[in-house]
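**Student:** Quick one: structure below, then a few questions.
The values are calculated or read from the model by the stated rules, or taken from the named source; none is laboratory data. Note that this is a predicted model, so its numbers are computed, not measured. All Cβ positions, glycine included, derive from the backbone under ideal geometry; neighbour counts span all protein chains shown. For the accessible areas, the whole protein counts, side chains as well, though only heavy atoms, and no ligand, DNA or RNA atoms are used. Shrake-Rupley method; radii C 1.70, N 1.55, O 1.52, S 1.80 Å.
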Amino acid sequence: MKVSIVGTGYVGLVTGACLADRGHDVVCVDLDRRKVDAINAGRAPIHELGLPDLLEHHVGTRLRATSDLAGAVAASDVTFIAVGTPAAEGRIDLQYVEKAAAAIGEALRGKDGYHAVVVKSTVIPGTTDGPVRRALEAGSGKLAGPDFGLGMNPEFLTEGQAVADFMNPDRIVLGGIDGRTHALLEALYEGFEGAPRILTNPRTAEMIKYASNALLATSISFSNEIARLCAKVGGVDVVDVMRGVHESAYLTSRSAGGPPRTAAIASFLQAGCGFGGSCLPKDVTALAAQGEDLGLAMPLLRSVLAINAAMPEELVRLVTKHVPDLAGVPVSVLGLAFKPDTDDLRESPAFPVLRRLRAAGARLTAYDPIARPETHPDLRDVRLAASLEDAVAGAEVVVLVTRWAEFQELPALLERLGRTPLVVDGRRVLPPGRFARYEGIGRETEGSA
Ligand code: NAD
């Protein structure tokens, strides 16, 4: 099938490269010329495992990029909208989706033959069949249904493992306004056998995406509320508590002879310094705002957000408990990306942590194995270390924010350097006994110093 994808970010580019790998002819569209040029030169503009190989194989044959949206729509059978849907003033900002839909509508005006438009961006329920349909119909002068197909196909990939997730989906949700759109989407995903398909309407597809993300965010904030209580009670370590919770038969199944299998949701039932990224914070915010706009109180999701907003402060509290005056103190923050294996900095908890440490007068260094932004407002007076060793060699306080595997080297590295900084573990991934001075979220030990 001939596919065009408007928006070539994490979702659009991974979708395009993977669909090309499954035999489709794909053209990726972006306003950002640098991304277009990079892709056409076979270079991945983002850090994603497996993406460079896909570009190397398919750019120039089944995959190309352009900034000519109208040309891309004219040359394809189906167009995905995969532009950003940030939060602005506490609600979803649909301006990029609406602009893309209007431009696609214009392009459809002069195009003969059936074409389907499919929203892949995460949009609040009612968007595809509401503002997107209106923009497409106004731009094209045609009617959704009889004249063109309209669908919603949410994306569940996780950054850092996006290619593997797209290639081996756990489910494929196909929301269409009619049978013809469903049939086209089913044909497009023919190469992805094995994953359950959920054929539904666009609103339900939209809600499935939000409900999925809200569950993950709720699990994280639940764990962090328990962690904060563990710290207050004292003598209780949330890591042990959660290990006990994970062993429940609801989360870990044991079949005779086989190894125990813990459900993947358990990885969200762990204490830490909070969720970030381009999805969970904005999606929970957007869903809560939609409920409130419809006259519904959304107390659970509002609490999920409030608990999350408190976690960077909790991490800094563990620092100032030991070093009450941070003026001039060298503090190193480990991890800038919002999660490991990605270079995505959006809404990373590292930034509220850095802002608080800066306000307290700390002399800041940061280190991330992959994310090395050239400019960032929260990094203007932060020294970016070239290596983990460079980051911690002169530090009096080390604060771990991102769960990068490389940070497991910290105990051995500090031993070799003969350094004993205060180590504050925001992800509870380090062995407390290996450090002279250790603090971690959800573990307040009397006299720990
Ligand atoms: P992104 O910000 O990385 O990329 C969006 C791209 O769209 C940008 O390159 C931008 O230049 C381009 N763009 C904007 N308007 C355009 C237009 N009119 N024409 C052409 N290009 C245009 O975004 P992303 O992280 O890929 O997310 C896209 C959508 O997918 C969002 O709704 C997001 O919530 C959702 N989503 C993201 C993830 C994720 O892990 N990043 C996972 C699932 C769903």
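**Student:** Quick one: accessible area per residue over segment 66-177, 1.4 Å probe, rounded to a whole number of Å²?
**Tutor:** 35
**Student:** Report in % the part of the accessible area of the chain that belongs to carbon and sulfur, leaving out ligands and nucleic acids; probe 1.4 Å.
**Tutor:** The C+S portion of the solvent-accessible surface of the chain is 54 percent.
**Student:** Taking amide H atoms as placed 1.01 Å from N in the peptide plane, list the residues 5 or more away in sequence, or in a different chain, whose amide H sits under 5 Å from that of Leu269.
**Tutor:** Here nothing satisfies the definition.
**Student:** Residue separation times 0.36 nm, minus the C-alpha to C-alpha distance between Phe222 and Arg437: what's the value?
**Tutor:** The Phe222-Arg437 span can extend by a further 74.6 nm.
**Student:** To continue, here is another question. First select every other residue whose beta carbon is under 10 angstrom from the beta carbon of Arg346; then total the charges, Lys and Arg +1, Asp and Glu -1.
**Tutor:** Value of the local net charge: -2.
**Student:** Val398's amide H: which non-local residues (gap 5+, or another chain) put their own amide H closer than 5 Å, with H modeled 1.01 Å from N in plane and none for Pro or chain starts?
**Tutor:** For Val398, whose amide H was placed from the backbone, the distant partners under 5 Å are Ser332, Leu422, Val423, Val424.
**Student:** If I ignore ligands, DNA and RNA and count only protein heavy atoms, how much of Tyr10 is accessible to a 1.4 Å probe, in Å² to the nearest 10?
**Tutor:** Approximately 30 Å² of Tyr10 is accessible to the 1.4 Å probe.
**Student:** Based on the alpha carbon coordinates of segment 2-200, what radius of gyration and maximum Cα-Cα distance (Dmax) apply, in Å?
**Tutor:** Final numbers for Rg and Dmax: 15.5, 43 Å.
**Student:** Moving to a separate point now. Quick one: which residues, 5 or more positions from Ile172 or on another chain, have an amide H under 5 Å from its amide H? H modelled 1.01 Å from N in the peptide plane, none for Pro or chain starts.
**Tutor:** Arg197, Ile198
**Student:** Roughly what % of DSSP beta bridges within segment 328-449 run antiparallel, to the nearest 5?
**Tutor:** About 5 percent, rounded to the nearest 5.
**Student:** Turning to a different aspect of this structure: With springs connecting C-alpha atoms under 10 Å apart, model the chain as a Gaussian network and identify which of Gly394, Gly295, Gly110 has the largest mean-square fluctuation.
**Tutor:** Taking springs between Cα atoms under 10 Å, the residue moving most is Gly295.
**Student:** Ser303 to Asp390: FRET efficiency via 1/(1 + (r/R0)^6), r the Cβ-Cβ distance, R0 30 Å, to the nearest 0.05?
**Tutor:** Efficiency at R0 = 30 Å is approximately 0.15.
**Student:** Here's a follow-up. Add +1 for every Lys or Arg and -1 for every Asp or Glu among the other residues with Cβ under 12 Å from the Cβ of Gly23, and state the total.
**Tutor:** Here the count lands on 0.
**Student:** Here is a follow-up. I'd like the FRET efficiency for Ala88 and Arg372, computed as 1/(1 + (r/R0)^6) with the beta carbon distance as r and R0 of 30 Å, rounded to 0.05.
**Tutor:** 0.65
**Student:** What length, rounded to one decimal in nm, is gained on full extension from Met1 through to Ala359, with 0.36 nm per residue of separation minus their alpha-carbon distance?
**Tutor:** Stretched out fully, the Met1 to Ala359 stretch lengthens by 123.4 nm.
**Student:** Something else now. Please identify the helices of the chain, taking whole runs of DSSP H, that span at least 24 Å along their own axis as judged from the Cα atoms and have a mean Kyte-Doolittle score of -0.5 or higher.
**Tutor:** Membrane-span-like by this rule: 202-233, 299-322.
**Student:** Relative to the present Cα-Cα distance, how much length would full extension add between Glu409 and Asp32 at 0.36 nm per residue of separation?
**Tutor:** 131.9 nm
**Student:** Nearest 500 deg cm²/dmol is fine: what mean residue ellipticity at 222 nm does the chain get from its DSSP H runs of n ≥ 4 alone, each adding -39,500 (n - 2.57), divided by its residue count?
**Tutor:** -12000 deg cm²/dmol
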